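Novice: Take a look at the following structure, please.
The values are calculated or read from the model by the stated rules, or taken from the named source; none is laboratory data. Keep in mind it's a predicted model, so treat the numbers as computed, not measured. Using ideal geometry, Cβ is built from the backbone for each residue, glycine included, and neighbour counts are taken over all protein chains shown.
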Amino acid sequence: MKQKSLIDDLHDIQEEEEKNYLPRNKMIKTAKTTRISEAKVYGVSTFYTMFSVYPRGKHIIRVCRNLSCHLSDAEKIAEKLKEILNVDFGETTKDGEFTLEESSCLGMCSVSPAMTIDDEPFGNLVPENISEILRKIKEGSKK
Ligand code: FES
């Protein structure tokens, strides 16, 4: 099996998991069914930042902290998110809704500062809009 197929499999597993991660038993099962070594499956699972081997929240917030965003006050966005969610980077909110992560460039430098929540991009962020964005995401996930 080619690596691209392994990545697709890992994406599928992670998407099916309520806690947005790759459980150990499923990585082992994938290694067996694909005949790829467990070490390689684990290596791929931990190499790409879109995968996690630890349980996470229902929604993953990735805040870009690369140069363009840094110069556009991304730090204020990060601080606002931490304040509202009461978590630091790498942590999940107590209600299990959000995990806050740092990201390298998201490819949205022209609308920096930027972040993504799951697959949805958000640019031209200002601290005053963060609460409303989170509210809409949370509300949308109840439907
Ligand atoms: S530097 Fe932040 S999106 Fe590119």
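Novice: For region 84-118, give me each residue that is within 15 Å of the ligand (Cβ to nearest atom) and either small (Gly, Ala, Ser) or assigned to a loop (DSSP other than H, G, I, E, B) (or both).
Specialist: Answer for region 84-118, where residues must be within 15 Å of the ligand (Cβ to nearest atom) and either small (Gly, Ala, Ser) or assigned to a loop (DSSP other than H, G, I, E, B) (or both): Ser103, Ser104, Cys105, Leu106, Gly107, Met108, Ser110, Ser112, Pro113, Ala114.
Novice: Still on this structure: Mind checking whether some residue in region 130-137 is within 15 Å of the ligand (Cβ to nearest atom), under 17 Å from the mean Cα position of the chain (by Cα) and either of a type outside the set (Asp, Glu) or surrounded by 15 or more Cβ atoms within 10 Å (Cβ to Cβ) (or both)?
Specialist: Checking region 130-137: not a single residue is within 15 Å of the ligand (Cβ to nearest atom), under 17 Å from the mean Cα position of the chain (by Cα) and either of a type outside the set (Asp, Glu) or surrounded by 15 or more Cβ atoms within 10 Å (Cβ to Cβ) (or both).
Novice: Could you look through region 51-72, keep only residues that are in the same structural domain as Pro113 (by TED's automatic domain parsing) and exposed (fewer than 13 other Cβ atoms within 10 Å of the Cβ), and pick out the one that is nearest to the ligand (Cβ to nearest atom)?
Specialist: Leu67
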